[in-house]
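Visitor: Before anything else, here's the structure in question.
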Amino acid sequence: MQPPDTRAWYAAFKAKDARFDGRFFVGVSSTGIYCRPVCPARLPKEQNCTFYETAAAAEQAGFRPCLMCRPELAPGSAPIDATSALVRSAARLLEENCGTGQSIDEYAKRLGCSARHLRRAFTAEFKVSPVQYLQTCRLLLAKNLLTDTGLSVLDVAMASGFGSLRRFNDLFRKQYRLSPTGLRRQAASSKNGDGHVTLLLGYRPPYQWGQILDFLAARAIPGVESVDGDGYARTVHCAADDQKLFRGWLRVAHQSARNALAVTASSTLLPVLPYLLARVRNLFDLYCYPDAVYESLAAMNSIKPGLCVAGTRLPGCFEPFELAVRAILGQQITVKAARTIAGRLVAAFGAPLETGIKGLTHTFPTPCAITALEDDITGSLGPLGITGARARTILHLARNFAAGELDFSLCAQPEKEIEKLMAIPGIGVWTAQYMAMRAMSWPDAFPHTDHGVKKALEPLPPEDIPALAEKWRPWRSYATINLWNSLNT
């Protein structure tokens, strides 16, 4: 990691952004301790902070480890890096799959460890057991469904991962001192007769909804995605832990008065609802702290008025393989041309899906669907307008995804994943950085060779751009999005 200046490190520390955990440590002169960037303690003054790339460097400077955030648990810190990574992966799995009804033993098996070790490590880091964490995830999902949908209490119990209605009722009363039906009466939710589910996902204002919608509209893959005045819609295919495939559609609309996005999903996706909501949060960057980002990037407006807009979000992705293929197709051609070719790929090798929504006709080809073409990949993709070199790159990428060698969802060290990507023939700096921005949601990626970046910063010489961007750390991905958006104003 190339270290940013102390101002950038302090901005990341102030935002408490977990994506920087383990990448630096903060020595606080007023207390004599050093912390992780996610420490929940009161934020110290910037002049009292010294930044170090390793915990060892902080200790050599005379600082003691914080007892609250425990620097020894930071990702990347030997000797327990493997344990910390395991626990974080476990938490992600629990959150995204809380509706499946899996046991802790099943989660442990999936993570490649014993249930006993998982319980011990999880409790040490989060101060609650995996069962308690999973229970909270299920209860909060159930509360959301009871409040915002017309699903029956039985359907809510099943969708939230409870094995029986009786167990759900008992636990709900115990934790919330209210019955599920009592909560529903208080919420006065109305019955939705079409069977679809609509839930609200909150965000921290301001939120530039129009900007992110325009960005997604320009890159929407025909057949898979659709953007109109009502919002964003797409087809979905995902597998549950028992490998059963679920297919359907979702729509995302804006409710500005409530600082929330309304997510409507087809009833066929109810069994994978937690995973679905996690992907929507990623796509629309709902975890962002916009004030912290704008405070660091507002100086961009000295280059050109209005270059940085408060509330700008980093568009993520719903399906990493889909985004990665779309990035390869976009190499050295216009956004519109790449969109057209992606639509041809979907029509030829995607799976048809009846949605009843105009423009949504297929799900995107899976990695296995692409690897099945390896005997004649250029002959299969060539007629779609995909060059032989790009066809082979897409095949290499599909093999990596199918083998599980690329894991964007749990990427604690984006530089390592970027190195893996650039080892694939046909993937260079621009493509890897773009994937890091969107598929990994990495806030500090910067595709400095991008044509739009150069155009937005004219007349600055291209060779001076990387040095200028150092001032935008650790939010260079957000700076890039602001530069691209400025070309449309």
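The values are calculated or read from the model by the stated rules, or taken from the named source; none is laboratory data. Here the structure is a predicted model, which means the values were calculated and not measured. Don't worry about glycine lacking a Cβ; one is built from the backbone with ideal geometry, like all the others, and counts go over all protein chains shown. Areas reflect the complete protein model, heavy atoms only, side chains present, ligands, DNA and RNA absent. Shrake-Rupley method; radii C 1.70, N 1.55, O 1.52, S 1.80 Å.
Visitor: Residues of the range 355-384 being modelled with pLDDT under 95, in a loop (DSSP other than H, G, I, E, B) and either open to solvent by 60 Å² or more (accessible area, probe 1.4 Å) or among the basic types (Lys, Arg) (or both), which ones?
Guide: Hits for the range 355-384 are Gly356, Lys358.
Visitor: Of all the residues that make up the range 271-289, how many are open to solvent by less than 10 Å² (accessible area, probe 1.4 Å) and more than 21 Å from Arg138 (Cβ to Cβ)?
Guide: The number of residues fulfilling the criteria is 3.
Visitor: So which strands (runs of 3 or more DSSP E) are wholly in the range 24-122 and hold at least 3 residues that are at pLDDT 85 or above, open to solvent by less than 20 Å² (accessible area, probe 1.4 Å) and in contact with a helix residue (DSSP H, G or I) (Cβ under 8 Å, 6 or more places away or on another chain)?
Guide: 25-28
Visitor: Then there is this: In the range 17-36, how many residues are of a type in the set (A, V, I, L, M, F, W, C) and touching a residue at least 40 places away in the same chain (Cβ under 8 Å)?
Guide: Counting residues in the range 17-36 that are of a type in the set (A, V, I, L, M, F, W, C) and touching a residue at least 40 places away in the same chain (Cβ under 8 Å) gives 2.
Visitor: Hey, among the residues in the range 321-354 that are among the β-branched types (Val, Ile, Thr) and part of a helix (DSSP H, G or I), which one's modelled with the lowest pLDDT?
Guide: Applying the filter and picking the extreme gives Val335.
Visitor: For residues in the range 238-251 being at pLDDT below 95 and not aromatic (Phe, Trp, Tyr), which is surrounded by the most Cβ atoms within 10 Å (Cβ to Cβ)?
Guide: Cys238
Visitor: Quick one: would you say Glu470 is without any contact (Cβ under 8 Å) to a residue 60 or more places away in the chain and open to solvent by 20 Å² or more (accessible area, probe 1.4 Å)?
Guide: No; evaluated as a whole, the condition is false for this residue.
Visitor: While we're here: Looking at the range 290-308, which of its residues are among the hydrophobic types (A, V, I, L, M, F, W, C) and either within 14 Å of the chain's Cα centre (by Cα) or open to solvent by 50 Å² or more (accessible area, probe 1.4 Å) (or both)?
Guide: Within the range 290-308, Ala299, Ile303 meet the criteria.
Visitor: Can you work out which of the residues in the range 442-459 that are surrounded by fewer than 20 Cβ atoms within 10 Å (Cβ to Cβ) and of a type in the set (Asp, Glu) is farthest from Leu323 (Cα to Cα)?
Guide: So the residue we want is Glu458.
Visitor: How many residues does the range 122-178 contain that are without any contact (Cβ under 8 Å) to a residue 24 or more places away in the chain and hydroxyl-bearing (Ser, Thr, Tyr)?
Guide: Matching residues across the range 122-178 total 5.
Visitor: Continuing with the same structure: Picking from Ala436, Ala467, which residue would you name as being over 22 Å from the mean Cα position of the chain (by Cα) and hydrophobic (A, V, I, L, M, F, W, C)?
Guide: Being over 22 Å from the mean Cα position of the chain (by Cα) and hydrophobic (A, V, I, L, M, F, W, C) holds for just one of Ala436, Ala467, which is Ala467.
Visitor: I would also like to ask the following. Restricting to the range 149-169, name every residue that is assigned to a helix (DSSP H, G or I) and of a type outside the set (Lys, Arg).
Guide: Val153, Leu154, Asp155, Val156, Ala157, Met158, Ala159, Leu165, Phe168, Asn169
Visitor: Next question. Could you grab me the full set of residues in the range 473-489 that are assigned to a loop (DSSP other than H, G, I, E, B) and surrounded by fewer than 24 Cβ atoms within 10 Å (Cβ to Cβ)?
Guide: Residues satisfying the conditions are Arg473, Leu487, Asn488, Thr489.
Visitor: Pull out all pairs, ordered by first then second residue, where Cβ-Cβ is under 8 Å, the residues are six or more apart or on different chains, the first lies in the range 279-303 and is over 15 Å from Ile481 (Cβ atoms) and among the small types (Gly, Ala, Ser), and the second is open to solvent by 20 Å² or more (accessible area, probe 1.4 Å) and assigned to a helix (DSSP H, G or I).
Guide: Ala292/Lys14; Ala299/Lys471
Visitor: Here's another thing I want to ask about it. Among the residues of the range 252-270, write down those that are touching a residue at least 24 places away in the same chain (Cβ under 8 Å) and surrounded by fewer than 20 Cβ atoms within 10 Å (Cβ to Cβ).
Guide: Selection gives Gln255, Ser256, Arg258, Asn259, Ala260, Ala262, Thr264, Ser267.
Visitor: Looking at this structure, is Ala15 farther than 30 Å from Pro271 by Cα, modelled with pLDDT of 85 or more, open to solvent by 40 Å² or more (accessible area, probe 1.4 Å) and aliphatic (A, V, I, L, M)?
Guide: In short, no.
Visitor: Restricting to the range 313-352, give me the number of residues that are of a type in the set (Val, Ile, Thr) and open to solvent by less than 10 Å² (accessible area, probe 1.4 Å).
Guide: 3
Visitor: Which residue out of Leu141, Leu134, Leu146 is surrounded by 15 or more Cβ atoms within 10 Å (Cβ to Cβ), in contact with a Lys or Arg (Cβ under 6 Å, 6 or more places away or on another chain), hydrophobic (A, V, I, L, M, F, W, C) and assigned to a helix (DSSP H, G or I)?
Guide: Leu146
Visitor: Here's a follow-up. Which members of the range 91-121 meet the condition of being touching a residue at least 40 places away in the same chain (Cβ under 8 Å) and of a type in the set (A, V, I, L, M)?
Guide: Ala91, Leu94
Visitor: Only one residue in Leu171, Leu111, Leu118 is over 21 Å from Thr268 (Cα atoms) and under 23 Å from the mean Cα position of the chain (by Cα), so which one is that?
Guide: None of the others qualify; the one that does is Leu111.
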